[in-house]
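Accompanying notes for the structure given below.
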Amino acid sequence: MAHEIDEYEMKRCWQDANQEDSDGEQDEDWSSLNSTLLPSPSFKNVGPDGNNSLPAPAEESDHSRTIVHVDLDCFYAQVEMIKNPELRTQPLGIQQKNIIVTCNYVARRFGVKKLMYLSDAKKKCPQLILVSGEDLTHYREYSEKVTDLLQSEFSSLVEKLGFDENFVDITALVEKTVKASGQQSQLEVKGHIFAPDVEKACYCGCHKQMAVGSQIAAKMRERLRESLGITGCAGIAWNKLLAKLVGEQNKPNDQTTLLPGSEGKLMLSLGNARRIPGIGHSMNKKLEALGIITIADLQTAAFSDLEKVFGLQAASTMRNSSFGIDKTPVSKTGPPKSMSDEDSFKSCTSLIDAKERMYGLLKSLLGRLEKDGRIPLTVRLTVRKYSSTQKWLRESRQGQIPTAVTDKIAKGIFDLSDHLMEVLLVLFDKLVDVKKPFHLTLINVCLANFQAKSTQSERLDRYFSKPKRQQGQC
Ligand code: DCP
Ligand code: MG
Ligand code: MG
């Protein structure tokens, strides 16, 4: 019998480790909901009888933006296949602990799935080749290269989501191309059109715009293949939510365009409300308690019920999303706000073991810090303590990194594990009473509160160039 994986926990671990911009502990799915896809509330829906029970407006009439969502194919597996092309024809699984976090499409044909237990995957495909996916360095590098290429060649408005996804706002490029195309009215849509048979009547020029968008998306995928040897899927639509959802329609290495008028069909075709990005395990449980299972249920549920459980903002964004409405902008991804690495395990019950694990995490973080070029001012330690009742409870403590250490980083010295260990041990002491037995299942070390290197040297410059009076020497 297949094991049941707590996908929610996995997703969270993955987001914590990979997105690197979460700030502290996030208990709810709200973290991803608010920061990624769900639009801000644009209305409060009140029915004629005043009972807040009517559905939202059925669609968004503003089609002025063109958004492409790019999701790389079997990302970790693809990076391994680029490193070792012989793996391309073999069923390949990427293993983290006892889980296959992803697998190539050859393995998928045998029934191996993402986030499957290793034992189940081996049953489906005994000849499955396994590669460890514990070291994220190469995946991180490819992830950066992809975002850089999209930013430098297509639009400065690129928003990274996790490791292998990017939203690209190509509105400006599309407008330019449409203008240049003049009177040429029939432009071919590249790749698939979602539900091509649905009658679409919108005269704002959006069909031509989406066709141009699909051609640009095809070019993006071609450039990724040429320049980095990597393939992915693209979804083209007028908002982020729909671009992401439509891109999943034809996988792998393909693209799908949504034409205005088909969004209702797309949303309903997804079925379960959980398919809306951002609606995770715990939120879904609350929806189920309200009797809301499908996206159609979410569209027609009494708004007052949603509002009671989730609050006005969340209820509105959720309702908007169920209709494919999303006004959130593509917000340019800057350098990560924090940099973290974590290790999860069955049990860590001694200080020596914990020290060893923290040391390992620091080493890898310091390597990344060297490439990053900025100076972190804060370090945060998170542990997950085992408890049979609260399986996933994490606790964190953070502290300042001593100036003696930040000064060294500013000078390009990174041999600092011992110094940072001292800070971590103080934090560890606050989190865990080592005099009593303890049982940890995860340790996460996070560097945050970054300062540009120049700021520190500029500060020094300023100090030395100040008139003497200001330096208190008058
Ligand atoms: N990942 C992970 N743990 C998770 C989810 C994902 O380590 N819980 C990693 C492995 C994936 C990568 O993130 O390769 C991207 O996730 P996707 O969901 O996009 O999956 P893939 O890119 O692997 O496959 P697909 O072709 O279906 O997009
Ligand atoms: Mg992917
Ligand atoms: Mg993805």
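Bear in mind these aren't lab numbers, they're just calculated from the coordinates by the rules spelled out. These numbers come from a predicted model, not from an experiment. Ideal geometry is used to build each Cβ from the backbone, glycine not excepted, and the neighbour counts take in all protein chains shown.
Before moving on, here are some points about what is shown:
- Magnitude of the charge dipole, the range 316-452, Cβ model with Lys/Arg +1 and Asp/Glu -1, debye to 20: 500 debye
- Rounded to the nearest whole Hz, the Karplus-based 3J(HN,Hα) values (6.51 cos²θ - 1.76 cosθ + 1.60, θ = phi - 60°) of the range 298-313 follow the sequence 5, 5, 10, 4, 5, 4, 4, 5, 4, 5, 4, 7, 10, x, 4, 4, with x at glycine and proline.
- Rounded to whole Hz, the Karplus (6.51, -1.76, 1.60) HN-Hα couplings of the range 158-166, x for glycine and proline: 10, 10, 7, 10, x, 8, 10, 10, 9
- Between amide H atoms placed 1.01 Å from N, distances below 5 Å from Gln96 occur with Val101, Gly133, all of them 5 or more places distant or on a separate chain.
- Computed from backbone phi with θ = phi - 60° and the Karplus coefficients 6.51, -1.76 and 1.60, the 3J(HN,Hα) list for the range 254-266 is 8, 8, 9, 10, 9, 9, x, x, 9, 5, x, 5, 4 Hz; x is used for glycine and proline.
- Under 5 Å, built H, 5+ apart or other chain: amide partners of Val432: none
- In loop segments of the range 247-351 as defined by DSSP, there are no GluC sites (Glu not before Pro) with at most 13 further C-beta atoms inside 10 Å of their C-beta.
- Of the trypsin sites (Lys or Arg not before Pro) found in the range 282-353, those in coil by DSSP whose Cβ has at most 15 other Cβ atoms within 10 Å are Lys332, Lys337.
- Positive-end residue of Gly182, Phe154, Tyr142, charge dipole of the range 129-190 with Cβ unit charges: Gly182
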